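A quick write-up on the structure given underneath.
The values are calculated or read from the model by the stated rules, or taken from the named source; none is laboratory data. This structure is a prediction, so every number in the text was calculated from the model and none was measured. Please note: Cβ atoms are built from the backbone with ideal geometry, for glycine as well, and neighbour counts cover all protein chains shown. When the accessible area is computed, the model is the full protein with side chains, heavy atoms only, and any ligands, DNA or RNA have been set aside. Shrake-Rupley method; radii C 1.70, N 1.55, O 1.52, S 1.80 Å.
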Amino acid sequence: MAAIRVENMVSSTALAKKLDLQSIALALENADYDPERFPGLIYRLKEPKTAILLFRSGKAVCTGAKNLDQVKEAIAKVSAQLQERDVEVFDDPVIEVQNMVASADLQHEINLNAMAITMGLERVEYEPEQFPGLVYRMSSPKVVLLVFSSGKLVCTGAKTLDDVERAVAMIADDLKKAGII
């Protein structure tokens, strides 16, 4: 099995019924709020290295985490900092993973032309003049793989690490069966 590394996890939650972003921006260091450019407040944490996007609706998006523990830690830190500034937040916000980006290395060179022909044109996009990788869309698990001739790949759209592992195992197996690796 190829070594898989989660590069980014994007998760969302509801922190409060509503948030006054202007007052939060004034109260929190490292907060970036420019409603002319972006409707949310961007709050960067050094540990874990993440960015939390806060919206007036009370919703929040966490990006940059490598795993769910980091997401939970980041959300907990932001919640605690908001509570310290008398902002009412929910006690136990439900966190939902929206997207994971992971990388893997199949440790074999891949002939992308052969892969494009073999894997079925309805699931493959390969235009080497536009992009050096092959885009492979899987239906189960519902992910997109960017496959490069070096054997490295990027998996996007997964909601769980299990989805990533299944997708990588399936593509490796399909490529072996086709004699590509």
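Give the cross-link partners of K142 among the lysines, using a straight C-alpha distance below 26 Å as the criterion and excluding same-chain residues fewer than 8 apart.
K59, K66, K72, K152, K159, K176, K177
Rounded to the nearest whole Å², what accessible area per residue is found for the chain with the 1.4 Å probe?
Working: 10400 Å² over 181 residues.
So the chain comes to 57 Å² accessible per residue, rounded to a whole number.
Below 14 angstrom from the Cβ of R166, what's the summed charge of the other residues (Lys, Arg +1; Asp, Glu -1)? Intermediate values should be presented prior to the final figure.
Values: positive: K142, K159; negative: D162, D163, E165, D173, D174.
Taking every other residue near R166 into account, the sum is -3.
Positive end of the dipole of the chain, charges at C-beta (+1 Lys, Arg; -1 Asp, Glu), about the Cα centre: which of S149, T63, S79 has its Cα farthest in that direction?
S149
Where does helix 161-177 land angle-wise versus the long Cα axis of the chain, in degrees 0 to 90, nearest 10?
For 161-177 against the chain, the angle is about 10 degrees.
May I ask you to work out the translational diffusion coefficient for the chain at 37 °C, viscosity 0.692 mPa s, via Stokes-Einstein with Rh from the Kirkwood sum over Cα pairs, reported in whole µm²/s?
Working: Rh = 18.2 Å.
Here the translational diffusion coefficient equals 181 µm²/s.
Extension gain I117-L161, at 0.36 nm per residue separation less the Cα-Cα distance, in nm? Please report the intermediate quantities before stating the final value.
Working: separation 44, 0.36 × 44 = 15.84 nm, distance 2.88 nm.
Taking I117 through L161 to full extension adds about 13.0 nm, to one decimal.
As a test of the formula, what do you get for the chain when each DSSP H run with n ≥ 4 contributes -39,500 (n - 2.57) and the sum is divided by the residue count, at 222 nm and rounded to the nearest 500 deg cm²/dmol? Display every interim value, and only then the final one.
Working: 4 runs with 48 residues, N = 181.
Helix-only estimate at 222 nm: -8000 deg cm²/dmol.
Would you work out which of I42, T13, N30 lies farthest towards the positive end of the dipole of the range 1-58, given +1 charges on the beta-carbon of Lys and Arg and -1 on that of Asp and Glu, about the Cα centre?
T13
Of L45, L145, L26, which is the most mobile in a GNM of the chain whose springs link Cα atoms less than 10 angstrom apart?
Greatest mean-square fluctuation among the candidates belongs to L26.
With a cut-off of at most 16 other beta carbons within 10 Å, and DSSP calling the residue loop, which trypsin sites (Lys or Arg not before Pro) in the range 63-114 qualify? Please list them.
Values: sites: K66, K72, K77, R85; in loops: K66, R85.
When the trypsin sites (Lys or Arg not before Pro) of the range 63-114 are filtered for loop state and at most 16 Cβ neighbours within 10 Å, R85 remain.
Compute the relative contact order of the chain as a whole-number percentage, counting only Cα pairs closer than 8 Å that sit 6 or more residues apart in sequence. Please list the in-between numbers first.
Working: 347 pairs, mean separation 41.2, N = 181.
Relative contact order here is 23 percent.
Given a 1.4 Å probe and every protein chain left where it sits, what share in percent of the accessible area of the chain is carbon and sulfur?
Values: 5210 of 10400 Å².
Taking all protein chains in place, the chain shows 50 percent carbon and sulfur surface.
Charges only on Cβ, +1 for Lys and Arg, -1 for Asp and Glu: so what's the dipole of the range 79-181 about the Cα centre, in debye to the nearest 20? Kindly include the intermediate steps, with their values, before the conclusion.
Working: 9 positive and 17 negative charges, 123 e Å.
For this selection, approximately 600 debye.
Between K49 and I95, how high is the FRET efficiency from 1/(1 + (r/R0)^6) when r is the Cβ-Cβ distance and R₀ = 25 Å? Nearest 0.05. Walk me through the numbers before you get to the answer.
Working: r = 18 Å, r/R0 = 0.71.
E between K49 and I95, to the nearest 0.05, is 0.90.
The range 136-181: which trypsin sites (Lys or Arg not before Pro) are DSSP loop and have at most 13 other beta-carbon atoms within 10 angstrom?
Taking the range 136-181 and a limit of 13 other Cβ atoms within 10 Å, the loop trypsin sites (Lys or Arg not before Pro) found are K142.
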